[in-house]
Amino acid sequence: MADFTPHTEAEIAEMLAFCGLSSVDELWATIPAAIRLASGALRLPSGSSEPDTLAELRRLSEANAVGRDLVCFAGGGAYDHDVASVVRRVGFRAEYVTAYTPYQPEVAQGVLQALFEYQTLVARLSALPIANASLYDGATATVEAVNLAAASTGTHRVVISAGVNPRTVEVVRTMAAGTGHAIELADLDGHGATAWPSAGDRAGALVVQYPNYLGVIEDLGAARRAADAAGALLVVVMDPVAVGLLRPPGEYGADVVVGEGQVFGTPLSFGGPYVGLFACRQEHVRRLPGRLVGETVDVNGTTSYVTTLRTREQDIRRERASSNVCTNQTLIAVCCAIQLGWLGAAGLREMALQCARGTRYTREALLAVDGVRPYVDGPVLREFAVRTRMPAPVVVERMVDEGFLAGIAVSDDALLVAVTERRTREEIDRFAAAFEKVTR
């Protein structure tokens, strides 16, 4: 068997001589014996061949039915959308899959142009002039937006709508423990939309989701007025599919727009990796987190692409910077750009329209079931919540036996249901019939 030890005997001897030691055992002598791993203590099994390893992994994967056999009506931030064949065909080319940080633009023009196109598409979706080359996911993008707003306004109070995805709020709270931001929640009204406080202390950021976690379409005009009254920046967590039918947040005066880009070109994949969308107004470009790709010309006048404004917050202010993110999700962002380019404006509108029509049909079908009531009555687009006459977690569990991933329990008696363009009328009819059966 080949020896993959990274250091040669000569290198080890040189290192020991430099440290003034006679053996490797002396190197570990400073580590207390009680926490040292004794030789052979791991009891690792013998290595397996590639076919045996693949067979074992296949056996393990077959134990997981979710995502393989169940018809998905779950959403809450990750959605079962179509992924065009062209996405994998182009996005999984070796040039993209193996691409690393494009520090040398002369040998990275393909990746840089792909990221520039991605930025352009995100800017158009949000109706804001500047978009970065992506972040890790929608939740961390929201954290970065809050940090930008607090740094820009000099105010650490952050008001977040209770309609923002609870997982996102958890991430913001976690990061706020280190930054010192004071997080406050604005409650929802009886219709499921945010009831912004009429007056109060100054705030650095107001954060609203559009549509919100319950699927209700928020009034961004009201959010903008509340932000102005508090002297805050307006941060909108955008559903990028919904803006195929709705006015984009930038047209309502949003200062920063973030979102989860998984809906374009990335399958559910058991929760990741995903990609965070981030766009902002021109005046905030110096605080933009992550990478930014710009278009220029080379010495021959040929259009070229480079990472630009590198000496921003992260590189100059260091520990005092509003963001220390200097990377991006290149492969997922490229796949997102391919899917968006494949859809085009008309395709995105058709996709959103199919979701809206399917949502309306599904909602009416479920509300026709005895004992099922609306959780809130605000206008929805592609996701909605209903009250059930038995505990929602029990409904989800029983629906698995019927072949459906029924949704997400948002309370003990409420279920959040999402409908994408993948769901057919026949699937929705079977879903409603199964729902009536398990809740009877």
### Task
Rank-order 279-290, 180-191, 249-260 by packing density, defined as the average count of other C-beta atoms within 10 Å over each peptide's residues, highest first.
249-260, 279-290, 180-191
### Query
Near the amide H of Y274, under 5 Å away, which other amide H atoms are found, from residues 5 or more places off or on another chain, if H is placed in the peptide plane?
none
#### Entry: Selection from V372, Q113, V394 lying farthest towards where the dipole of the chain points positive, charges on Cβ
V372
### Task
Leaving ligands, DNA and RNA out of it, rank F92, F73 by accessible area with a 1.4 Å probe, largest first.
F92, F73
## Note on the structure
From most to least accessible, 1.4 Å probe, no ligand or DNA/RNA atoms counted, M351, M15, M390 line up as M15, M390, M351
### Summary
Per DSSP, the loop-located trypsin sites (Lys or Arg not before Pro) within segment 164-254 having at most 16 other beta carbons within 10 Å are R202
### Task
Take the Cβ-Cβ distance between E170 and R88 as r, set R0 to 35 Å, and report the resulting FRET efficiency rounded to the nearest 0.05.
0.65
### Query
Which of these, A352, A203, A99, has the largest mean-square fluctuation under a Gaussian network model of the chain (Cα springs below 10 Å)?
A99
### Task
Give, rounded to the nearest 20 debye, the magnitude of the charge dipole that segment 5-119 has about its Cα centre when Lys and Arg contribute +1 at Cβ and Asp and Glu contribute -1 at Cβ.
400
### Message
Could you tell me which residue out of T155, G47, A254 lies farthest along the dipole of the chain toward its positive end? Charges go on the beta carbon: Lys and Arg +1, Asp and Glu -1, centred on the Cα centre.
### Response
A254
### Task
Skip the ligands, DNA and RNA, and give the accessible area per residue of the chain with a 1.4 Å probe, whole Å².
50
### Query
Can you give the accessible area of D377, probe radius 1.4 Å, in Å² rounded to 10?
100
### In order through segment 428-437: 3J(HN,Hα) via Karplus (6.51 cos²θ - 1.76 cosθ + 1.60), integer Hz, x for Gly, Pro
5, 4, 5, 4, 5, 5, 5, 4, 5, 5
### Task
Please get the size of the charge dipole for the chain, origin at its Cα centre, with Cβ charges of +1 on Lys and Arg and -1 on Asp and Glu, quoted in debye to the nearest 20.
960
### Query
Using just the C-alpha positions of segment 315-440 as equal point scatterers, what log10 of I(q)/I(0) does the Debye formula give at each q in 0.11 1/Å?
-0.53
### Task
Only Cα pairs under 8 Å and at least 6 apart count here; give the relative contact order of segment 319-403 as a rounded whole percent.
20
### Query
Helix 9-19 versus the longest principal axis of the chain: what is the Cα-based angle in degrees, 0 to 90, to the nearest 10?
90
### Message
At a threshold of 8 angstrom on Cα-Cα distance, excluding pairs fewer than six apart, so keeping six or more, what relative contact order does the chain reach in percent?
### Response
20
### Query
Ordering I35, I130, I160 by how much accessible area each has at a 1.4 Å probe, largest first, what is the list?
I35, I130, I160
### Summary
With Cα coordinates, the longest principal axis of the chain makes an angle with the long axis of helix 330-367, in degrees rounded to 10, of 30
### Query
Taking amide H positions as placed 1.01 Å from N in the peptide plane, with prolines and chain starts having none, which residues 5 or more places from A195, or on another chain, fall under 5 Å of its amide H?
D187, L188, D189
### Apportionment of accessible area to carbon and sulfur, segment 76-154, percent (1.4 Å)
53
### Task
Only Lys, Arg, Asp and Glu count, each charged at its Cβ (+1, +1, -1, -1), so figure out the dipole size of segment 205-268 about its Cα centre, rounded to 20 debye.
60
### Summary
So the angle from the long Cα axis of helix 392-401 to the longest Cα principal axis of the chain, reported in degrees to the nearest 10, equals 80
### Message
So for segment 100-241, averaging the separation of alpha carbon pairs under 8 Å that are six or more residues apart and normalising by length, what relative contact order in percent results?
### Response
22
#### Entry: Distant-in-sequence amide H partners of V237 (H built 1.01 Å from N, under 5 Å)
V208, Q209, Y210, V258
### Message
Placing +1 on the Cβ of each Lys and Arg and -1 on the Cβ of each Asp and Glu in segment 155-227, which of V172, G221, L188 has its Cα farthest towards the positive end of the resulting dipole?
### Response
V172
### Among [x] 192; [y] 224; [z] 180, the entry derived from the coordinates for volume of the Cα convex hull per residue in Å³
[y]
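The values are calculated or read from the model by the stated rules, or taken from the named source; none is laboratory data. Just so we're clear, the structure is a prediction, and the values are computed from it rather than from any experiment. Here the Cβ is made from the backbone with ideal geometry for all residues, glycine too, and neighbour counts use every protein chain on show. Accessible surface is based on the protein model in full, side chains and every heavy atom, while ligands, DNA and RNA are left aside. Shrake-Rupley method; radii C 1.70, N 1.55, O 1.52, S 1.80 Å.
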